[in-house]
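The values are calculated or read from the model by the stated rules, or taken from the named source; none is laboratory data. Given the structure is predicted, the values throughout are model-derived calculations rather than measurements. Quick reminder, even Gly has a Cβ in these numbers, built from the backbone with ideal geometry, and neighbours come from all protein chains shown.
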């Protein structure tokens with residue numbers, strides 16, 4: 001870098017980058033790039049930070065520097081491709097696609113070229129056939145072929161291509177449905193959007209989209225970005241989504257996916273700002289609110305998440321997922337009685353069904369709320385609906401043990417659970433604890449030891465093991481197990497363990 005001014009701007013950018021201040025970092029990188037316009041080290045940082053901050057102008061300038069230095073990453077061609085698509089310039093799009101051909105994004109070339117050929121009025125078949133040489137390229141080419149058949153008015157053929165040759169993810173279903181609505185095939189579009197997904201429900205009212213180059217490029221880039229977002233978020237994911245958003249700024253699904261990736265990368269403020277851009281009255285509004293709750297929760301901002309989740313759950317048209325998420329947050333906030341109400345509402349909405357998982361959630365919330373008779377009834381319904389579900393059997397069995405109720409029957413439930421899932425340390429511990437409380441500590445000990453080996457950081461299991469050792473007269477091992485449990489214990493558990501370590505169990509006590 002040329003001088004102190006360059007260095008100051010660059011250092012400030014790196015500091016802001018490390019602190020997760022995306023917008024501030026981008027501003028400093030912009031100044032550094034202005035001071036050192038040919039410096040590829042500054043340019044590559046500026047390019048990545050600008051994409052994350054949504055500063056497409058800065059990203060474009062930085063990409064030009066990287067191109068000139070011959071060190072441009074493969075995804076720099078995405079921005080000119082997106083710009084060409086937004087303008088409907090197929091020739092400029094082809095030039096950008098050609099730059100992708102030699103890099104890792106070459107798998108998209110047949111699908112993208114199919115769209116440029118189509119918008120010029122040609123037959124995209126030959127371009128799409130290029131995907132047959134590679135499995136991944138072939139998948140995206142097949143998706144494009146199905147969408148292009150619909151766009152060309154061959155709707156039945158397009159639907160067959162998409163539904164028989166592919167497992168259609170949500171983004172592909174939405175894209176196909178939008179084109180079908182545009183062709184007046186509303187019933188076929190709604191068939192693709194069946195289910196209780198809130199976005200599908202909203203889009204079933206009708207959401208036509210023209211088969212423009214912007215549509216084709218944005219949906220293609222978004223598809224691969226969605227695939228990549230399932231793993232560790234990467235700069236490539238952000239480049240793909242920003243390009244999709246640049247190509248079609250009106251498609252809010254891109255904003256939601258971008259916010260998800262930014263949130264996972266720790267850029268919480270930027271992620272929330274992206275969600276602010278989602279149309280509050282559009283079909284993706286509910287999904288944006290749900291994503292906002294997720295981002296805030298993952299960032300440890302539960303009180304804010306709880307407020308937003310409450311707003312969603314208390315709407316007259318609240319869907320099961322909104323009710324479920326709010327109930328989960330209420331449980332995290334130690335408000336189990338309220339959580340039970342919302343778990344029940346989620347079940348009664350008809351979207352989740354009268355199944356064992358729904359009753360297990362209701363029962364566990366009621367149990368934590370100190371309403372054992374109601375909890376027992378709900379848990380019994382969970383077991384009745386899932387007689388071979390280890391989690392349901394374990395919860396009801398262990399709860400009965402803890403409440404001192406029907407120990408033989410509870411032990412039988414736990415034995416069934418352990419037989420169904422012998423590798424589950426918590427279930428094995430529950431069975432061992434039931435034997436211990438029933439007076440058969442020697443039978444309990446091997447189970448408790450096995451559970452402790454499999455989950456050494458589980459304070460409850462460690463405490464149970466210590467109690468069993470003490471009961472069998474193995475004082476040293478008991479105190480060792482309690483001390484190990486104390487390492488991960490919290491709240492009242494820590495004090496109780498300290499008392500046991502100091503004084504042991506009272507004579508005749510088993511817990």
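Each residue in the range 259-278 was checked for being within 14 Å of residue 228 (Cα to Cα) and either in contact (Cβ under 8 Å) with a residue 60 or more places away in the chain or not in a helix (DSSP H, G or I) (or both), and 2 of them qualify.
Considering the conditions (1) surrounded by fewer than 19 Cβ atoms within 10 Å (Cβ to Cβ); (2) closer than 19 Å to residue 235 by Cα; (3) modelled with pLDDT of 95 or more, residue 82 is excluded by exactly one of them, (1). Inspect all residues belonging to the range 58-68 and state whether any of them is assigned to a helix (DSSP H, G or I) and in contact (Cβ under 8 Å) with a residue 60 or more places away in the chain. Yes - at least one qualifying residue is present in the range 58-68. Checked against the criterion of being closer than 17 Å to residue 481 by Cα and either surrounded by fewer than 21 Cβ atoms within 10 Å (Cβ to Cβ) or under 28 Å from the mean Cα position of the chain (by Cα) (or both), the range 417-438 has at least one qualifying residue. With a requirement of 3 or more residues that are assigned by TED's automatic domain parsing to the domain that holds residue 436 and surrounded by fewer than 14 Cβ atoms within 10 Å (Cβ to Cβ), the helices (runs of 4 or more DSSP H) lying completely within the range 453-511 that satisfy it span 475-488, 492-503. When residue 234 is tested against (1) modelled with pLDDT under 95; (2) within 18 Å of the chain's Cα centre (by Cα); (3) farther than 27 Å from residue 106 by Cα, only condition (3) is not met.
Table: residues versus (1) within 24 Å of residue 214 (Cβ to Cβ); (2) in contact with a helix residue (DSSP H, G or I) (Cβ under 6 Å, 6 or more places away or on another chain).
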residue: 261; (1), (2): yes, yes
residue: 294; (1), (2): no, no
residue: 297; (1), (2): no, yes
residue: 301; (1), (2): no, no
residue: 312; (1), (2): no, yes
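Residues that are surrounded by fewer than 16 Cβ atoms within 10 Å (Cβ to Cβ), out of contact with any helix residue (DSSP H, G or I) (no Cβ under 8 Å at 6 or more places or on another chain) and assigned to a helix (DSSP H, G or I) do not occur anywhere in the range 315-333. None of 226, 209, 177, 244 is in contact with a helix residue (DSSP H, G or I) (Cβ under 8 Å, 6 or more places away or on another chain), assigned to a loop (DSSP other than H, G, I, E, B), in contact (Cβ under 8 Å) with a residue 24 or more places away in the chain and surrounded by 20 or more Cβ atoms within 10 Å (Cβ to Cβ) except 209. When 309, 290 are screened for being in a helix (DSSP H, G or I), under 13 Å from the mean Cα position of the chain (by Cα) and crowded, with 16+ Cβ neighbours inside 10 Å, only 290 passes. Restricting attention to the range 151-174, the residues that are more than 13 Å from residue 124 (Cα to Cα), in a helix (DSSP H, G or I) and touching a helix residue (DSSP H, G or I) at 6+ places or on another chain (Cβ under 9 Å) add up to 15.
Can residue 282 be described as within 15 Å of the chain's Cα centre (by Cα), part of a loop (DSSP other than H, G, I, E, B) and over 16 Å from residue 82 (Cα atoms)? Against the criterion (within 15 Å of the chain's Cα centre (by Cα), part of a loop (DSSP other than H, G, I, E, B) and over 16 Å from residue 82 (Cα atoms)), residue 282 does not qualify.
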